[in-house]
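The values are calculated or read from the model by the stated rules, or taken from the named source; none is laboratory data. Please read all numbers here as calculations on a predicted model, not as lab measurements. Here the Cβ positions follow ideal geometry from the backbone for every residue, glycine too, while neighbour counts run over all protein chains shown.
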Amino acid sequence: MLNELSVRFLKVLEFLIDKKYVSDNKDFASKISVSASLITEISKGRSNVGLTAIQNTVLAFPIDSDWLLTGRGCMFRDSEETGDASGSLQTDFLSVPESASFLYRMYKEKDDENKSLIEELGGLKERLRHFEFELSQYESQPEKYKERHPVLASSETVIPATIK
């Protein structure tokens, strides 16, 4: 008895033959790098589809892996014919799973947070440049700064810190 995954796999095979992506089971097997006998065994219900056949199918043809594995969404990636009676086109946009919108919201939040952190980093870099400039001014004219800063005047030796 075939599992649901194998049934969907056979629907893909049927569609690919109907739409002339492949000529027959043997051609399909060749394009997904499995033996023709494996496709025959699956077609006759004596064997279930394996990982290699699934992986190679979604790599070789415009089949949506989520649909093939779970049955959710559309059979096709991008805009491909569904082979239904109306001949209409369906896309993955018609049924966006809730998890995808959740992931998108998370992505947007992280993107906004990253932009904020980049702006903050820019401000910190500017402050660092300002302090480095002040330090270089002090190093070039320490007497001038000792007059303005009593703490500096009271110490005998001032060793400026190196910022790395």
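Overview of values
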read-out	value
Selection count, region 16-30, where residues are out of contact with any Ser or Thr (no Cβ under 8 Å at 6 or more places or on another chain) and either among the β-branched types (V, I, T) or buried (at least 16 other Cβ atoms within 10 Å of the Cβ) (or both)	4
The listed residue being modelled with pLDDT under 90, surrounded by fewer than 17 Cβ atoms within 10 Å (Cβ to Cβ) and in a loop (DSSP other than H, G, I, E, B), out of S86, S33	S86
Search result, residues across region 5-28 that are of a type in the set (G, A, S) and farther than 12 Å from G71 by Cα	S23
